[in-house]
Amino acid sequence: MTVKIAGLCLGALLLTGCPAGEEPAKLSNYEVVRITKSATIDCKGKLYNEGKTTEIQIVTTKNNIPTGVTIKRCKINGSIRIAGLGFNGEAPGVNASSKELGHTARAQAAAPSGISLYGLTITGKGRIPLYIAPGVTKVSLVDSTINGSSVSVALYLDAESGFNIIRNNTFDITGASREIIAVDGSAKNQLLANTIKQAPNGGIYLYRNCGEGGTVRHQAPQHNLIAGNTINNTGGYGIWLGSRNGGRLYCRDDAGFPFGSSKDNGDFADNNTVRDNIFTDGARTIRDDGNNSIDHGSKK
């Protein structure tokens, strides 16, 4: 499949002459392994890359958009990042595309899809252990553990991504400065039967990160199913639908376009379904700042 987008540097990963500001090929204290086509990696319960601190990057290149990648039964010290137009919402390719209508479709067409992560233990070493970058779709993380440390979140679902399944996983991260799972302008995901063992700054937050880096966010965090999760929310909310709603100074940085977060800084965290979740600590369980379907029978 070839995706042609005039004036964009698809992924800016292995190409020359791409704009500055993309993720470097080398990360401090991390080895980088890049997967750019269909592949199956089965560690059979052993350490990946001999236990070296590693970031696995499943990435779009000039000639290929990865689909059908499976990583299973691996113990990974480090992180996994899956990316198409760019490594985050402020990447040059993402930013340029966001200035025109049709951005969500372009981002999804250019990004990896159909990625299966099964039976993994990802031990974070400071970077976000699992980052699903803009436009990435149909990633499944199943029967896995994310532990270790992160200076941010444990799992990030970035703008314009969607249709991902996060099921029956354990999150036991230390050092997180914010919520454990961030759903940032990501839609139609299923977060099912996961256990968050410690959430001192919040459990699962849905929002739209308006304006950061000048990028217009198009898709709102809608039509997500959050069900059967157990959250030890010692601080913040266990689940917060619409956690920002324009509450950042940089929301003005994408001004000038008659669509998306440029038109309205609201999260629009609507039409999500939340049911059968269990909260084991903390008084603040669910906060709904959108228009959603909430099972208020969720247990504390």
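Bear in mind that the values in this text are calculations on the coordinates, not laboratory data. Note that this is a predicted model, so its numbers are computed, not measured. Positions of Cβ are backbone-derived with ideal geometry, glycine not excepted, and every protein chain shown enters the neighbour counts.
Each DSSP beta bridge with both residues in the chain is either parallel or antiparallel, and the antiparallel ones are about 0%. Rounded, prolate or oblate for the chain? Axes are the square roots of the Cα gyration tensor eigenvalues, ordered a ≥ b ≥ c, and the cut-off for rounded is a/c under 1.5. The shape class here is oblate.
Taking all C-alpha pairs of the stretch 168-300, those more than 21 Å from each other amount to 39 percent.
A Gaussian network model of the chain, with springs between Cα atoms under 10 Å, assigns the largest mean-square fluctuation among V136, V153, V69 to V69. Ellipticity at 222 nm from helices only: DSSP H runs of n ≥ 4 in the chain, each -39500 (n - 2.57), divided by the residue count, give -1000 deg cm²/dmol. Cα-Cα over 30 Å: which of K197/K263; K62/K197; K37/K125; K62/K263? Violating the 30 Å Cα-Cα cut-off are K197/K263; K62/K197; K62/K263. Take the Cβ atoms of T67 and Y118, set R0 to 22 Å, and the FRET efficiency comes out at 0.85.
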